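**Q** This structure is in structure tokens; I'll ask about it shortly.
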Amino acid sequence: MKIRFQPHPALAASASPRTAILALATLAFFLSACDRQDKASAAVAPVAVAPVAVAPAAPVAPSQAALARLNAPAAPLSAVAEVGRKIFNDKSLSASGKLSCASCHNPDNAHAPANGLAVQLGGMHLQAQGGRAVPSLRYHEHAPAFSIGPDTKPDEDDKGAVLQAAEAKTNAASPAQAVAKATLQPGAAVQEVVPQGGFDWDGRATNLTDQAGGPLLAANEMANKSAAQLLAKLKAASYAKDMLQLFGPAVFTSPNLALGEAYYALALYQKEDRSFHPYDSKYDYYLAEQVQLSEQEMRGLKLFKDPKKGNCATCHIEKTSRDGRFPPVFTDYQFEALAAPRNKAILANRDPKYFDLGMCGPWRKDAAQQLNYCGYFKTPTLRNAATRQVYFHNGVFHSLEEVVHFYVERETKPEKWYSRGKDGKLNKYDDLPAAYHANVDVTDAPFDSKAGAPPALTDDEIKDVVVFLKTLNDGYRPDGKQIAGK
């Protein structure tokens with residue numbers, strides 16, 4: 001759902017077309033680690049990155065680009081990225097001595113948790129619940145920095161079966177209408193601005209140090225009490241001599257300097273190590289014209305793209321960019337309010353006055369007064385979604401079948417998904433205060449259905465979509481042998 005927005009001063013950012021954002025994305029590559037409560041990350045100085053001109057690359061056929069990615073040899077890690085790898089796996093950096101980045105972002109489970117907990121446990125004794133479901137760290141190498149700007153698309157052919165563009169209201173005094181995403185084309189005159197990019201479920205991490213510092217300093221995660229305490233652990237680490245050699249003899253003289261370099265090393269590790277973006281699923285082999293999808297997988301793909309059925313590709317873009325440079329990551333990097341049901345497994349939800357409002361808080365602070373964005377969460381990639389055991393920001397669902405059923409039945413059968421009050425009245429959108437219900441997307445299909453209407457997908461069609469989504473799992477081989485750890 002798109003809404004008119006007057007940027008908050010703290011969020012003001014220059015907007016540029018999405019292709020330009022993607023072309024410059026590697027200059028602003030951020031970690032996408034555990035979601036967390038802000039604590040002492042503000043004490044760490046950002047790592048400045050000087051702008052570099054990017055020469056336009058010659059277009060290449062999508063199939064050739066996909067095949068080149070599959071055949072590309074793994075490059076060795078740089079010395080700095082190797083330090084990042086050691087930090088990523090270092091349990092001694094946590095207060096418990098038992099938790100590392102890899103504990104939640106398990107390399108053997110697509111760098112995501114391998115259990116069915118809605119939120120992971122951390123803290124001194126590994127008994128404190130995290131704030132939100134832990135996202136995967138894969139496929140963030142082209143993610144743009146957080147911004148609020150035009151709803152631009154990578155390419156006009158990145159949306160199958162796109163409908164005619166909607167006309168914009170030009171009268172500035174009139175409120176902007178909500179416009180279905182599937183009606184937007186590049187260059188359309190729809191004057192819409194949308195939140196996009198950034199990291200964490202609420203997009204609050206806009207730079208390297210902000211994102212990386214959170215889990216290490218959050219009381220319910222790695223639980224270091226201060227940047228100084230974390231500095232002492234880095235100084236005592238087995239790779240401390242490597243940091244001295246790479247970053248200079250003064251690296252441990254201040255938390256700002258040491259932690260800034262450590263966070264940079266973590267980011268570089270995730271950028272360089274191919275396991276974070278292998279692009280070797282069955283779907284990638286299909287794009288490379290090396291295999292065919294089965295009849296059921298192909299049916300699922302068509303339903304996935306159909307604006308009147310699944311309409312999934314509107315947010316989870318499934319095509320390579322037209323110039324072939326950017327493979328599909330199955331997200332548009334934007335934010336939506338989808339009104340996932342309240343999850344009683346999260347202890348904080350026992351307080352009826354507590355709500356996780358996404359972009360409006362409780363952890364993001366700079367957009368707290370932008371009430372049009374309360375309930376908005378970032379659209380995740382669907383790559384490796386079939387390997388997950390929990391879904392949505394609050395981990396309320398435990399299977400893809402359940403997720404797709406919710407998508408097509410949220411409006412047609414709300415009583416199936418939401419709780420009732422003591423008076424027996426249905427509490428629709430029960431994890432969002434009534435004041436913000438207008439933010440929920442009821443414009444894009446399949447959310448534009450009405451109560452009692454048949455869902456956009458039948459049970460058999462839902463099965464087809466789920467079978468297709470399984471083609472997005474990393475580690476596929478045409479000989480039928482799945483790669484271990486993928």
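The values are calculated or read from the model by the stated rules, or taken from the named source; none is laboratory data. The structure presented is a predicted model; accordingly, all values stated were derived computationally and were not measured. FYI the Cβ positions are ideal-geometry reconstructions off the backbone, even for glycines, and counts take in every protein chain you see. Calculation scope for accessible area: heavy atoms of the full protein, side chains included, ligands and nucleic acids excluded. Shrake-Rupley method; radii C 1.70, N 1.55, O 1.52, S 1.80 Å.
**Q** May I ask which of Lys344/Lys470; Lys308/Lys413; Lys282/Lys365; Lys235/Lys271; Lys319/Lys428 have a Cα-Cα span longer than 30 Å here?
**A** Violating the 30 Å limit, Cα to Cα: Lys282/Lys365; Lys319/Lys428.
**Q** Continuing with this model, one more query. How much accessible surface does Ser419 have with a 1.4 Å probe, in Å² rounded to 10?
**A** Approximately 50 Å² for this residue.
**Q** Could you pull out every residue, at least 5 positions away or on a different chain, whose amide H is within less than 5 Å of the one on Val194? Hs are placed 1.01 Å off N in the peptide plane, and Pro or chain starts have none.
**A** Residues meeting the amide H criterion: Gly149, Asp151.
**Q** Each residue of the stretch 118-124 in order: what ³J(HN,Hα) in whole Hz does its phi give by Karplus 6.51 cos²θ - 1.76 cosθ + 1.60, θ = phi - 60°, with x for Gly and Pro?
**A** So the J values, rounded to whole Hz, are 4, 9, 7, 9, x, x, 4.
**Q** Another question about this same structure. Tell me, what HN-Hα J-couplings in whole Hz come from the Karplus equation 6.51 cos²θ - 1.76 cosθ + 1.60 at θ = phi - 60° for each residue of the stretch 407-418, using x for Gly and Pro?
**A** Result, rounded to whole Hz: 4, 8, 10, 4, 8, 7, 9, x, 5, 6, 10, 10.
**Q** Multiply the residue gap between Leu126 and Glu295 by 0.36 nm, knock off their C-alpha separation, and tell me the result in nm, one decimal place.
**A** Contour length minus Cα-Cα distance gives 56.2 nm.
**Q** Right, next: Between rounded, prolate and oblate, where does the stretch 194-234 land on the alpha carbon gyration tensor, with a ≥ b ≥ c its root eigenvalues, rounded for a/c under 1.5, else prolate if a/b exceeds b/c?
**A** Verdict is prolate for the stretch 194-234.
**Q** Okay, next question. In the stretch 78-109, which trypsin sites (Lys or Arg not before Pro) fall in coil by DSSP and have 16 or fewer other Cβ atoms within 10 Å?
**A** Here the trypsin sites (Lys or Arg not before Pro) that fit, given the DSSP loop and packing criteria, are Lys98.
**Q** Still on this structure, please answer the following. Once amide H atoms are built 1.01 Å from N in the peptide plane, which residues 5 or more positions from Lys308, or in another chain, come under 5 Å H to H?
**A** Under 5 Å from the amide H of Lys308 lies no amide H from a residue far enough along the sequence or on another chain.
**Q** Expected output is a single nm value to one decimal: the length gained when fully extending between Ser96 and Asp479, i.e. 0.36 nm times separation in residues minus the C-alpha distance. What is it?
**A** 133.6 nm
**Q** Another one. Beta carbons within 10 angstrom, averaged per residue: use that to sort the peptides 249-256, 210-217, 264-271, highest first.
**A** 210-217, 264-271, 249-256
**Q** What nm value, rounded to one decimal, do you get for the distance between Lys450 and Arg274 when each label is placed 7 Å out toward the C-beta?
**A** Result: 5.4 nm between the two label points.
**Q** Quickly work out the Thr458-to-Lys365 label distance, labels modelled 7 Å from Cα along the C-beta direction, and quote it in nm with one decimal.
**A** A separation of 5.4 nm, rounded to one decimal place.
**Q** Please turn the phi angles of the stretch 339-345 into ³J(HN,Hα) values with the Karplus equation 6.51 cos²θ - 1.76 cosθ + 1.60 (θ = phi - 60°), one per residue in order, whole Hz, x for glycine and proline.
**A** Per residue, the Karplus-derived 3J(HN,Hα) values read 6, 4, x, 5, 9, 6, 6 Hz.
**Q** How much area per residue is accessible in the stretch 321-404 when the probe is 1.4 Å and only protein heavy atoms are counted (Å²)?
**A** Per residue, the stretch 321-404 has an accessible area of 36 Å².
**Q** Debye calculation, C-alpha points only, no solvent: report log10 I(q)/I(0) for the stretch 347-482 at q = 0.22 Å⁻¹, in the same order as the q values.
**A** -1.49
**Q** What distance in nm lies between label points placed 7 Å from Cα along the C-beta direction at Ala232 and Asp351?
**A** Between Ala232 and Asp351, the label points sit 3.1 nm apart.
**Q** Which value results when the Cα radius of gyration for the stretch 276-336 is divided by 2.2 N^0.38 Å?
**A** Normalised by 2.2 N^0.38 Å, the Cα Rg of the stretch 276-336 equals 1.17.
**Q** Sort 428-435, 104-111 by the packing proxy (mean of other Cβ within 10 Å over each peptide's residues), most packed first.
**A** 104-111, 428-435
**Q** Still on this structure, please answer the following. Under the rule of at least 5 residues apart or a separate chain, name every residue whose amide H is placed under 5 Å from the amide H of Gln334.
**A** Result for Gln334 returns Gly197, Thr379.
**Q** Could you grab the Rg to Rh ratio for the stretch 231-285? Cα atoms only, Kirkwood for Rh.
**A** Reported Rg/Rh, Kirkwood definition of Rh: 1.21.
**Q** Give me the log10 of I(q) over I(0) for the stretch 315-375 at q = 0.25 Å⁻¹, as the Debye formula computes it from C-alpha points; what are the numbers?
**A** Treating every Cα as an identical point scatterer, log10 I(q)/I(0) equals -1.03.
**Q** For the stretch 324-480, what is the charge dipole size about the Cα centre, in debye to the nearest 20, if Lys and Arg each add +1 at the Cβ and Asp and Glu each add -1 at the Cβ?
**A** In total the dipole reaches around 560 debye.
**Q** If the only charges are +1 at each Lys and Arg Cβ and -1 at each Asp and Glu Cβ, what is the size of the charge dipole of the stretch 335-391 around the Cα centre, to the nearest 20 debye?
**A** Dipole about the Cα centre, nearest 20: 180 debye.
**Q** FRET efficiency for Leu246 and His398, Cβ-Cβ distance as r, R0 = 35 Å, nearest 0.05?
**A** 0.25
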